[in-house]
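See structure below.
The values are calculated or read from the model by the stated rules, or taken from the named source; none is laboratory data. All figures in this text were calculated on a predicted structure; none of them were measured in a lab. No Cβ is skipped: glycine too gets one built from the backbone with ideal geometry, and neighbour counts run over all protein chains shown. Accessible surface is based on the protein model in full, side chains and every heavy atom, while ligands, DNA and RNA are left aside. Shrake-Rupley method; radii C 1.70, N 1.55, O 1.52, S 1.80 Å.
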Amino acid sequence: MIFESHAHYDDEAFDEDRETLLDSMQVHGVERVINVCAEVQNWDRTLNLTEKYPFIYGAVGVHPDDVGSLTEDGIQKMRELCQMEKVVAVGEIGLDYYWDKEQHTSQVFWFERQMEVAREEKLPIIVHSREAAQDTLETMKRVNAGEIGGVIHCFSYGKEMAREYLNMGFSIGVGGVVTFKNARKLKEVVEYAPLESLLLETDCPYLAPVPYRGKRNCSLYIPYVVQEIARIKGVSEEKVMEVTRENGYRVFSKTR
Ligand code: NI
């Protein structure tokens, strides 16, 4: 059974067939899905999904691209939502210097602020970090994020960075990118990191694995990611699914 640690089923890309698709998840071996929020104005959509589907859980947070819309009222609301039974993490939060939509100082400020909420509410964090390796690491070290725990989702850095996060006790989220031929760096990280520190994810509707690269992604394609991780690590696909599933329940303990 598969533990999908990062999906966006509230995205409009699923408007046409969301219900049919989600109804088919469990028979195809998807046991848990964490639907991750990115913007304050969409939090309700994730909460609706968690109410409708027993196997879907939620993470609340504001993506670095959208922190301009975040206020202290938003932080207060987030804190309240964190206490709901099916809200299991704070995310996705972090730094994105690739799209660079918000000032770096503002991104760092709200990243720290949201990590504080996670600490107070005793929830793990789901970190988004793109082209911001050094600042992400420094910010996380400054607040002792190792005490909070969680995952660096869609990991895009090299082995040296992976070592830093593993030393802090963080897991590494691996999705469709690992199946791309040119993903040498990520394949090295997967080889290097213990299986006990990996989480499966899609980031759907984005980043579909080969042979669906460029198409709409969904959790039903995770077996292609499993296949590639199994090949890299020289273990069976069953083992990859079993261990990452256990990892998911350990990191996101409210999903048990
Ligand atoms: Ni995402």
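Any idea which of (1) under 20 Å from Asn247 (Cα atoms); (2) more than 15 Å from the ligand (Cβ to nearest atom); (3) surrounded by 24 or more Cβ atoms within 10 Å (Cβ to Cβ) is the one Phe155 doesn't satisfy?
Failing condition for Phe155: (2).
Open to solvent by less than 40 Å² (accessible area, probe 1.4 Å) and among the β-branched types (Val, Ile, Thr): does that describe Thr20?
Working: open to solvent by less than 40 Å² (accessible area, probe 1.4 Å): no; among the β-branched types (Val, Ile, Thr): yes.
No, not satisfied.
Out of Val60, Val67, Val108, Val90, I need the residue that is over 14 Å from Trp43 (Cβ atoms) and within 16 Å of the ligand (Cβ to nearest atom). Which one? Let's see the steps before the verdict.
Numbers: Val60 fails: over 14 Å from Trp43 (Cβ atoms); Val108 fails: within 16 Å of the ligand (Cβ to nearest atom); Val90 fails: over 14 Å from Trp43 (Cβ atoms).
Checking each option against the conditions leaves just Val67.
Can you name the condition, by its number, that Gly173 falls short on among (1) open to solvent by less than 10 Å² (accessible area, probe 1.4 Å); (2) under 17 Å from Val240 (Cβ atoms); (3) not in a strand (DSSP E or B)?
Gly173 satisfies all of (1) open to solvent by less than 10 Å² (accessible area, probe 1.4 Å); (2) under 17 Å from Val240 (Cβ atoms); (3) not in a strand (DSSP E or B) except (3).
Within segment 153-197, work out how many residues are among the small types (Gly, Ala, Ser) and over 25 Å from His8 (Cβ atoms).
Going residue by residue through segment 153-197, those that are among the small types (Gly, Ala, Ser) are 156, 158, 162, 169, 171, 173, 175-176, 183, 193, 197.
Filter again for over 25 Å from His8 (Cβ atoms), leaving 158, 169.
The total comes to 2.
Could you list, in sequence order, the residues of segment 23-57 that are of a type in the set (Asp, Glu), open to solvent by 40 Å² or more (accessible area, probe 1.4 Å) and away from the ligand (no atom under 15 Å from the Cβ)?
So the first thing to find is which residues in segment 23-57 are of a type in the set (Asp, Glu), and the list is 23, 31, 39, 44, 51.
Then drop every residue that is not open to solvent by 40 Å² or more (accessible area, probe 1.4 Å), which leaves 23, 39, 44, 51.
Across segment 23-57, the qualifying residues are Asp23, Asp44, Glu51.
In segment 216-249, which residue that is open to solvent by 70 Å² or more (accessible area, probe 1.4 Å), of a type in the set (D, E, K, R) and touching a Pro at 6+ places or on another chain (Cβ under 9 Å) is nearest to Asp15 (Cα to Cα)?
Arg216
If I ask for residues that are within 15 Å of Asn35 (Cβ to Cβ) and either within 16 Å of the ligand (Cβ to nearest atom) or exposed (fewer than 14 other Cβ atoms within 10 Å of the Cβ) (or both), which ones from segment 70-86 would you list?
Result: Glu85, single match.
Looking at segment 198-215, which of the residues that are open to solvent by 50 Å² or more (accessible area, probe 1.4 Å) and not aliphatic (A, V, I, L, M) is nearest to the ligand (Cβ to nearest atom)? Walk me through it before giving the result.
Step one: filter segment 198-215 for residues open to solvent by 50 Å² or more (accessible area, probe 1.4 Å), giving 206-207, 210-215.
Right, trim to not aliphatic (A, V, I, L, M) and you get 206, 211-215.
Working: Tyr206: 7, Pro211: 22, Tyr212: 17, Arg213: 17, Gly214: 17, Lys215: 17 Å.
Selected residue: Tyr206.
Need the failing condition index for Ile125 against (1) touching an Asp or Glu at 6+ places or on another chain (Cβ under 9 Å); (2) away from the ligand (no atom under 16 Å from the Cβ); (3) not hydroxyl-bearing (Ser, Thr, Tyr), just the number.
(2)
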